[in-house]
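Asks: Take a look at the following structure, please.
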Amino acid sequence: MSREIHKRIEGRSPAFLALIAGLGILVLLGMGSAWTMEHNGHVITGMSNRIVWGMPHVFAVFLIVAASGALNVASISSVFGRTAYKPLSRLSVVLAIALLVGGLSVLVLDLGRPDRLIVAMTTYNFRSIFAWNIYLYVGFIAIAGVYLWLMMERSLNRFSKPAGMVAFIWRLALTTGTGSIFGFLVARQAYDAAVMAPLFIAMSFAFGLAIFILVIMFTSGGTGRELGEAMVRRLKNLLGIFVGAVLYFTIVQHLTNIYAAEHHAVERFILLDGGIYTTLFWVGQIIIGGALPLVLLFTPLFADSREAIALAALSVIAGGMAQLYVIIIGGQAFPLVLFPGKIVSSSFADGSIASYSPSLPEIGLGIGGVALALVIVAMAVKILALLPRTLADAETDPT
Amino acid sequence: MSCGNSCNSNTTSRRGFLTSMAASAAGATAGLTLAPGVTLFSPAQARARGKGEAASSKVRWGMLVDANKCDDGCTACVDACADENGWQGEGNPATDAQWIRKVKVTDPGTGKSQSLPMMCQHCEEPPCVDVCPTGASMKRADGIVLVDKHSCIGCRYCMMACPYQARSFVHEPVSGQRTHAPRGKGTVESCTFCVHRVDEGQQPACVEACGGTKRGALTFGDLNDSESEISKKIATYPTQAIRSDLGLKPGVRYLGLDT
Amino acid sequence: MTLRTIISVLVATFVFVAISSSAEAAGRVTIPEPAKGKGDQCVADTSFMRKNHPSLLKHQRDDTLRKGIRGNEFSLKECVACHAVDGKDAKPVTYENPEHFCRTCHAYVAVKLDCFECHASTPDKKRQANELPKKHPPTNVLSSWRDLSAQTCEGG
């Protein structure tokens, strides 16, 4: 193939400018939220000494987990040799970088002292999984950047396969690292499960692909590029498999916990009487994030309709947010067990469920991070030749 | 130091140490704090290091809480700590600092309840120190677990990791701090065992206050020194660490907990 | 009004603001007047202190906090106590007040300290009662300031 496969977008249409402006406003909103939080202290958020990580962390972890998943399309083509996905590799890598940058921005701006970021970058405690994650994140951005460059520079194309391999392994490590942030918290009943790492990997596959599908559908539609039936079906099937995997590991997570006697109370809390967390688990995570997408993707009723697929991707994202909310905030709302078998009470709400309601600045900060990621993607497809000229079946499936 | 490799036993080194700083003014201060009711510590525990001398791993500071002597409704230790370290709240219970709190533990079977103080347990294997990305959470040579607020970035991972919920995040701008207890918005903090007092040979404020109520439920001292009051008590009575299953080896131990 | 008048008014305003603010800034910072501390001398040679107090404080801080070394001379608590400056109400001023000793020079060198977000910027109450420090008239301020600028330049 000697023709250019990829082409920049014009990026001058009113619609594109409106998109950038809209996202820009959301980014500003996020920055404003961060400033407000910084200025007044975290007292204006819903976070407290009991719920120390709140909505910003739900957004940040979602974006970071999705980032490594967004790389999948590229990995499938270069690591597993599925050439059909090749035209999408560049977008996949850029989306991964953008999501990670968005997520990290949220994480950093939520710090108590973001002005000391330089401290975090220069002094490490090598026993901290958190510190290792800083390396994993920075390394991911660097590796993905090199990978993209090797793919785009025709004379270096042959190196893109090994680079893709490295990126793939790195992304597995990254997601494992992110999952381990929770897995290492021995004292927190909700996180004490070996299945946390594979669960996070499955989540990353599903969330990342869901975002990718929406982005490719949106950009194809918006730029008048053709998106072939075969490509859509492939992505759809893949998404279905990943959603199934998340459901599977979720079941494993809760079943193993139910078998461990000391985790009965926390399981009861999440699955039965945890109020909002129980609702979010069953309605958000299981039905919207799992069952609904599977129905939309695989029942003949919808017969591969694009609307159904887009809706499935959206509900995977919504369910994913619910899942992270349950894991991160539900896991903290459940009280620490200081005296097993005893009833505990104190001025610090020992022994009782902590309450939390997300505040506007927290949500604003999170949305700002999402918008930042999308702005980066939008600008990147304008500046670089990332989007395939066409994804018509004849092109992607030459056989 | 005056005590080189030649002295192996803790006792000798302690004695040598004591004589070397016999003239220390801080030692005298500690003697003065022996107000009525504060009968619980022997001069041997109330010693200060010399000026310019670093904390030593020969010492392992610890505290013993006697649940039998602790009353529900008494908050002398909490009040003394808040006053000493200046963390009186802003009236927002969920976000106010609580370096130490009273916990009521009730047995659902018998209905019997106990009251006891809960604070940083100064673990030998502190999970907060393990997880801290910048190394701001740290353990001093003498076992006191602290936050170096100069390098704390306020990520709060240590609060996630602490099994005792002993740490607070400063959610609001602070003013009117005590000179010896700096604290400010955006960093994490917790019980310091009143490190500024201990370094001067005094007892933590809570221990002193508890003694002042004549309850004497708190004993502070060197766990490495078999002659110290706390070591003797631990050797005599059955004591417990909270969540000992986690293997963190806390420096705070409890006596008389119903199990 | 034509566009041209608007623009010239804007430009004139800008120039005026710029000149007056820089004049004000100049008036404030070219002659920093750190009040003299109590006693005759600082904890180290004055010119040494001027140049090296940031690193001295940093070392002291790590020594005190991480190693538990107390009672050394470069304690921030002691700087604040000895360098307390009285305000109009005859009480030591806090860091809010530009008269605070630790603020006198920093505006000029564009250093912003966060230390007093946590550290008390006035001495202990007990101390204030016992030994209320007096505000000393600045001594050979200009020469000492030149001294400082020369040293900071040479320092880095």
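Asks: Taking the range A:149-165 only, how many residues are closer than 18 Å to A:Pro87 by Cβ and in contact (Cβ under 8 Å) with a residue 12 or more places away in the chain?
Replies: Residues that pass the stated criteria total 7.
Matching residues to (1) within 12 Å of chain B (Cβ to nearest Cβ); (2) under 19 Å from B:Lys102 (Cα atoms); (3) touching a residue at least 12 places away in the same chain (Cβ under 8 Å); (4) of a type in the set (Val, Ile, Thr):
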position	(1), (2), (3), (4)
A:Gly320	no, no, yes, no
A:Ile328	yes, no, yes, yes
A:Gly331	yes, no, yes, no
A:Phe348	yes, yes, yes, no
A:Ala354	yes, yes, yes, no
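Asks: Now for a separate question. Taking the condition of being under 22 Å from A:Asp110 (Cβ atoms) and either modelled with pLDDT under 95 or among the small types (Gly, Ala, Ser) (or both), how many residues in the range B:133-148 meet it?
Replies: The total comes to 5.
Asks: Counting only residues that are under 28 Å from A:Ser359 (Cα atoms), under 17 Å from the mean Cα position of the chain (by Cα) and aromatic (Phe, Trp, Tyr), how many does the range A:95-142 have?
Replies: 1
Asks: Any residue in the range A:196-208 that is polar (S, T, N, Q) and either without any contact (Cβ under 8 Å) to a residue 24 or more places away in the chain or in contact with a helix residue (DSSP H, G or I) (Cβ under 8 Å, 6 or more places away or on another chain) (or both)?
Replies: yes
Asks: Taking the range A:275-302 as the region of interest, how many residues are crowded, with 16+ Cβ neighbours inside 10 Å and modelled with pLDDT under 90?
Replies: Number satisfying all stated conditions: 1.
Asks: Quick check, is B:Thr179 of a type in the set (Val, Ile, Thr) and either more than 8 Å from every other protein chain (Cβ to nearest Cβ) or surrounded by 22 or more Cβ atoms within 10 Å (Cβ to Cβ) (or both)?
Replies: Spelling it out, it is not the case that B:Thr179 is of a type in the set (Val, Ile, Thr) and either more than 8 Å from every other protein chain (Cβ to nearest Cβ) or surrounded by 22 or more Cβ atoms within 10 Å (Cβ to Cβ) (or both).
Asks: Could you grab the pairs with beta carbons closer than 6 Å, sequence gap of 6+ or different chains, first residue in the range B:158-175 and closer than 13 Å to B:Leu248 by Cβ, second one hydroxyl-bearing (Ser, Thr, Tyr) and crowded, with 22+ Cβ neighbours inside 10 Å?
Replies: Pairs found: B:Ala166/B:Ser190.
Asks: Based on what the data block shows, is A:Leu148 under 16 Å from the mean Cα position of the chain (by Cα), at pLDDT 90 or above and buried (at least 17 other Cβ atoms within 10 Å of the Cβ)?
Replies: Criteria not met by A:Leu148.
Asks: Determine whether A:Ala261 is touching a Leu at 6+ places or on another chain (Cβ under 6 Å) and either free of Cβ contacts under 8 Å to residues at least 24 places away in the same chain or crowded, with 16+ Cβ neighbours inside 10 Å (or both).
Replies: No, not satisfied.
Asks: Then there's this: Applying the selection to the range B:148-174, what residues are outside any helix (DSSP H, G or I) and of a type in the set (Gly, Ala, Ser)?
Replies: The answer is B:Ser151, B:Gly154, B:Ala166, B:Ser168.
Asks: Another question, if that's okay. Taking the condition within 14 Å of another protein chain (Cβ to nearest Cβ), surrounded by 22 or more Cβ atoms within 10 Å (Cβ to Cβ) and not aliphatic (A, V, I, L, M), does A:Pro361 pass?
Replies: Yes: the conditions hold for A:Pro361.
Asks: Is it the case, given these coordinates, that B:Asp79 is on the phi < 0 side of the Ramachandran plot, surrounded by fewer than 16 Cβ atoms within 10 Å (Cβ to Cβ), modelled with pLDDT of 50 or more and assigned to a helix (DSSP H, G or I)?
Replies: yes
Residue-wise test of (1) surrounded by fewer than 17 Cβ atoms within 10 Å (Cβ to Cβ); (2) within 14 Å of chain B (Cβ to nearest Cβ).
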{"residue": "A:Leu88", "(1), (2)": "no, no"}
{"residue": "A:Leu99", "(1), (2)": "no, no"}
{"residue": "A:Leu104", "(1), (2)": "no, yes"}
{"residue": "A:Asp110", "(1), (2)": "no, yes"}
{"residue": "A:Ala120", "(1), (2)": "no, yes"}
{"residue": "A:Thr123", "(1), (2)": "yes, yes"}
{"residue": "A:Arg127", "(1), (2)": "yes, yes"}
{"residue": "A:Leu136", "(1), (2)": "no, yes"}
{"residue": "A:Pro162", "(1), (2)": "yes, no"}
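Okay, residues lined up against (1) in contact (Cβ under 8 Å) with a residue 12 or more places away in the chain; (2) more than 9 Å from chain A (Cβ to nearest Cβ); (3) outside any loop (DSSP other than H, G, I, E, B):
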| position | (1), (2), (3) |
| --- | --- |
| B:Lys104 | yes, no, yes |
| B:His122 | yes, yes, no |
| B:Glu125 | yes, yes, no |
| B:Asp130 | yes, no, yes |
| B:Gly143 | yes, yes, no |
| B:Leu146 | yes, yes, yes |
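Asks: Could you look through the range A:213-235, keep only residues that are over 23 Å from the mean Cα position of the chain (by Cα) and assigned to a helix (DSSP H, G or I), and pick out the one that is farthest from A:Phe298 (Cα to Cα)?
Replies: A:Thr223
Asks: So A:Phe339 ticks every box in (1) assigned to a loop (DSSP other than H, G, I, E, B); (2) in contact (Cβ under 8 Å) with a residue 12 or more places away in the chain but one. Which box is left unticked?
Replies: Here A:Phe339 clears every test but (2).
Asks: Consider B:Glu53 against the criteria (1) more than 13 Å from every other protein chain (Cβ to nearest Cβ); (2) in a loop (DSSP other than H, G, I, E, B): it satisfies all of them except one. Which criterion is unmet?
Replies: Every listed condition holds for B:Glu53 apart from (1).
Asks: For B:Cys210, all conditions in the list (1) out of contact with any helix residue (DSSP H, G or I) (no Cβ under 6 Å at 6 or more places or on another chain); (2) under 15 Å from B:Pro117 (Cβ atoms); (3) crowded, with 23+ Cβ neighbours inside 10 Å hold save one; what is the number of the exception?
Replies: Of the numbered conditions (1) out of contact with any helix residue (DSSP H, G or I) (no Cβ under 6 Å at 6 or more places or on another chain); (2) under 15 Å from B:Pro117 (Cβ atoms); (3) crowded, with 23+ Cβ neighbours inside 10 Å, the odd one out for B:Cys210 is (1).
Asks: With respect to the numbered conditions (1) more than 30 Å from A:Ser180 (Cα to Cα); (2) buried (at least 16 other Cβ atoms within 10 Å of the Cβ), which one is the sole condition not fulfilled by A:Thr45?
Replies: (1)
Asks: Look at the range B:82-102 and say how many of its residues are free of Cβ contacts under 8 Å to residues at least 12 places away in the same chain and more than 8 Å from chain A (Cβ to nearest Cβ).
Replies: 3
Asks: So which residues in the range A:190-212 are part of a helix (DSSP H, G or I) and β-branched (Val, Ile, Thr), if there are any at all?
Replies: Those that are part of a helix (DSSP H, G or I) and β-branched (Val, Ile, Thr): A:Ile201, A:Ile211.
Asks: Yes or no: the range A:34-43 includes at least one residue that is under 30 Å from B:Trp99 (Cβ atoms), within 14 Å of chain B (Cβ to nearest Cβ), out of contact with any helix residue (DSSP H, G or I) (no Cβ under 8 Å at 6 or more places or on another chain) and of a type in the set (Gly, Ala, Ser).
Replies: For the range A:34-43, residues under 30 Å from B:Trp99 (Cβ atoms), within 14 Å of chain B (Cβ to nearest Cβ), out of contact with any helix residue (DSSP H, G or I) (no Cβ under 8 Å at 6 or more places or on another chain) and of a type in the set (Gly, Ala, Ser): present.
Asks: Would you point out which residue out of A:Ser315, A:Ser305 is of a type in the set (Ser, Thr, Tyr), modelled with pLDDT under 95 and closer than 27 Å to A:Ile76 by Cα?
Replies: None of the other options fit; the residue is A:Ser305.
Asks: Give the range B:173-212 a look and list any residue that's among the hydrophobic types (A, V, I, L, M, F, W, C) and under 17 Å from the mean Cα position of the chain (by Cα), or say none.
Replies: B:Ala181, B:Val188, B:Cys191, B:Phe193, B:Cys194, B:Val195, B:Val198, B:Ala205, B:Cys206, B:Val207, B:Ala209, B:Cys210
Asks: Run down A:Ala142, A:Ala84 and say which single residue is touching a residue at least 24 places away in the same chain (Cβ under 8 Å), more than 8 Å from chain B (Cβ to nearest Cβ), out of contact with any Leu (no Cβ under 9 Å at 6 or more places or on another chain) and of a type in the set (A, V, I, L, M).
Replies: A:Ala84
Asks: Another question about this same structure. Considering the range C:61-98 alone, what residues qualify as being within 11 Å of another protein chain (Cβ to nearest Cβ) and part of a helix (DSSP H, G or I)?
Replies: Scanning the range C:61-98 gives C:Arg61, C:Asp62, C:Asp63, C:Thr64, C:Leu65, C:Arg66, C:Lys67, C:Leu76, C:Lys77, C:Glu78, C:Val80, C:Ala81.
The values are calculated or read from the model by the stated rules, or taken from the named source; none is laboratory data. Just so you know, these numbers come straight off a predicted model, no measurement behind them. Heads up, the Cβs are rebuilt from the backbone with ideal geometry, glycines too, and the neighbour counts pull from every protein chain shown.
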